[in-house]
1. Tell me the label-point distance for the pair Gln105, Leu78, using the 7 Å Cα-to-Cβ offset, in nm and rounded to one decimal.
2. What are the ³J(HN,Hα) values, in whole Hz, obtained from phi via the Karplus relation 6.51 cos²θ - 1.76 cosθ + 1.60 with θ = phi - 60°, for each residue of the range 39-47 in sequence order, with x given for Gly and Pro?
3. Near the amide H of Gly56, under 5 Å away, which other amide H atoms are found, from residues 5 or more places off or on another chain, if H is placed in the peptide plane?
4. Which residues in the range 90-111 place their backbone N less than 11 Å from a point set 7 Å from the Cα of Asp40 along the Cα-to-Cβ direction?
Amino acid sequence: MQPEATAVRLDAVAPHPLAELLACPPGIGNLLNGSTQCVDLDTGQIVFRQSAACRGLYVVVSGRFLRKAERMETRLALGPARAGDLVELAAALGDGHHTYTLTAQTTSSVLLLPIETLNEAFQAYPPLRMQLLQELAREVSRAYNACSLCRMTKTRRRSAEAPPA
């Protein structure tokens, strides 16, 4: 793929600002703002565990978090979550169970939009759910791009290291 095409592809899946993702009529915004809870965490504290029931949508306010998942008896580090990140869209929009465990690596804070209020907002203003589903699709695309880039880099290194035949 040409560098220009790659840049356009990466721009298309770039994360959108939180204000844009949660853009909705004032009444729905007031509903979400009124129910939002701030959760302060100590280093090592678990925000939620994989497979547990989802309590809502989380927005990282401060600190650093590590996402870990267990798949087929293997533990995987899925990468960090930082201030401004919207985490666990898949659980909030899907079957209601967390897909990974989120642990605070430093003293941290998150905002929690409770699932009941989020569902109420989706009923009152369906485009909000679609906006968040689009962000989830971009998140999946970013992860795919990161994996593809990593594989291409490893392949190029191996090709460069291989002795000529």
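1. Going from the Gln105 label point to the Leu78 one covers 1.5 nm.
2. Values, residue by residue: 10, 9, 10, 8, 4, x, 6, 8, 7 Hz.
3. Long-range HN contacts for Gly56: Ile115.
4. 108-109
A short reminder: the numbers here are calculations on the coordinates, not readings from a lab. Just so you know, these numbers come straight off a predicted model, no measurement behind them. When we count neighbours, we look across all protein chains shown, and the Cβ atoms used for this are built from the backbone with ideal geometry, even at glycine.
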